[in-house]
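> Questions regarding the structure given below will be posed in turn.
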Amino acid sequence: MKLCSIASGSSGNCIYVGSKHTNILIDAGISKKKIEEGLEEIGISGENLDGILVTHEHSDHIQGLGVFSRKYKIPIYATRGTIAGIKNYKSLGKMPIGLFHEIQSDKVFTLGELIVKPFAISHDAIEPTGYRIEKDKKSIAIATDLGIYDKYIVESLKGVNALVLEANHDVHMVEVGPYPYCLKRRVLGEQGHLSNELSGRLLCDILHDDLQCVMLGHLSKENNYEGLAYETVKLEVTLGNNKYNGDDVHIIVAKRDRVSEVITVE
């Protein structure tokens, strides 16, 4: 399987996961043009896509969903709550009948040759999900927009071989930054976003010898920067109660507006 971030950040998110015969996106939170350009960089066209998995209905995850999925007639997979939220999005446009497919957290389904395992996440959306995608005993997971994590999230991510993991903000930068108090509470709350420190601690709980790559994603433009997220997560691994050092883990940071390297899980 392959993993690539087309865009990742507070202004837009779109992740590609694929195998030899099946290609999917997780979220379409950037423009149709940017999705097409990003896919072209990795040799994929909209015609090659078998589905779009949506994590939740916030605009930075569905901004380009309507126009892109309509153009290529790509099926959309999301929970009932997320579908309801998508349909209320003012920029969605008129969608063809049959394009939406309802899924449920913890209910496994197959998309082409990929096995998809949705899991519930804590975020201020209607019915948000993360995704674990498997093929031939290898797995890739997408875990962003987590206000908190618990044993359920840890179990959902155990044994993955590659992971897009949220490292949204530095707590101190949020506290002293320009956000109004209500927005600070949202970001730092249990239905907000995962800090760099918590991202590193979650990573400590799921580390294993065959975790081939961790891609830090969904960084806040105002309350984080790449070097800080990277070093903080590495430090948490080094200081954590595990046998690993931060340098033992292949960690990269997904770019806000550039396509990442393509990670191949073997």
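The values are calculated or read from the model by the stated rules, or taken from the named source; none is laboratory data. What you are looking at is a predicted structure, and each value in this text was computed from that prediction instead of being measured. Neighbour counts are summed over all protein chains in view; Cβ atoms, including those assigned to glycine, are modelled from backbone coordinates with ideal geometry. SASA here: full protein model, heavy atoms, side chains in, ligands and nucleic acids out. Shrake-Rupley method; radii C 1.70, N 1.55, O 1.52, S 1.80 Å.
> For region 44-85, which residues satisfy the criterion of being β-branched (Val, Ile, Thr), more than 16 Å from residue 118 (Cβ to Cβ) and assigned to a helix (DSSP H, G or I)?
If the condition is that a residue be β-branched (Val, Ile, Thr), more than 16 Å from residue 118 (Cβ to Cβ) and assigned to a helix (DSSP H, G or I), then 62, 67 are the ones that fit.
> Something else: What are the residues in region 14-43 that are under 20 Å from residue 92 (Cβ atoms), in a loop (DSSP other than H, G, I, E, B) and open to solvent by 10 Å² or more (accessible area, probe 1.4 Å), if any?
30, 31
> While we're looking at this one, here's another question. Condition first: over 14 Å from residue 218 (Cα atoms) and either surrounded by fewer than 24 Cβ atoms within 10 Å (Cβ to Cβ) or touching a His at 6+ places or on another chain (Cβ under 8 Å) (or both). Now tell me which residues in region 138-153 satisfy that.
Answer for region 138-153, where residues must be over 14 Å from residue 218 (Cα atoms) and either surrounded by fewer than 24 Cβ atoms within 10 Å (Cβ to Cβ) or touching a His at 6+ places or on another chain (Cβ under 8 Å) (or both): 138, 139, 148, 149, 150, 151, 152, 153.
> Taking region 205-214 on its own, how many of its residues are in a helix (DSSP H, G or I) and either surrounded by fewer than 19 Cβ atoms within 10 Å (Cβ to Cβ) or hydroxyl-bearing (Ser, Thr, Tyr) (or both)?
1
> Now, a different point. Among the listed residues 156, 199, 195, which satisfies the condition of being surrounded by 22 or more Cβ atoms within 10 Å (Cβ to Cβ), at pLDDT 95 or above and more than 20 Å from residue 235 (Cα to Cα)?
156
> Can you work out which of the residues in region 80-137 that are polar (S, T, N, Q) and either over 15 Å from residue 56 (Cβ atoms) or without any contact (Cβ under 8 Å) to a residue 24 or more places away in the chain (or both) is most open to solvent (accessible area, probe 1.4 Å)?
110
> Got a number for residues in region 34-92 being in contact with a His (Cβ under 7 Å, 6 or more places away or on another chain) and within 17 Å of residue 11 (Cα to Cα)?
Qualifying residue count, region 34-92: 3.
> Which pairs do you get when a residue that is part of a loop (DSSP other than H, G, I, E, B), found in region 215-242, comes within reach of a residue that is acidic (Asp, Glu), reach meaning Cβ atoms under 8 angstrom, with the pair 6+ apart or on two chains?
218/145; 218/166; 219/226; 223/170; 224/170
> Let me ask something else about it. Does residue 50 meet the test of being more than 21 Å from residue 111 (Cβ to Cβ), among the charged types (D, E, K, R) and open to solvent by 10 Å² or more (accessible area, probe 1.4 Å)?
When the stated conditions are applied, residue 50 does not pass them.
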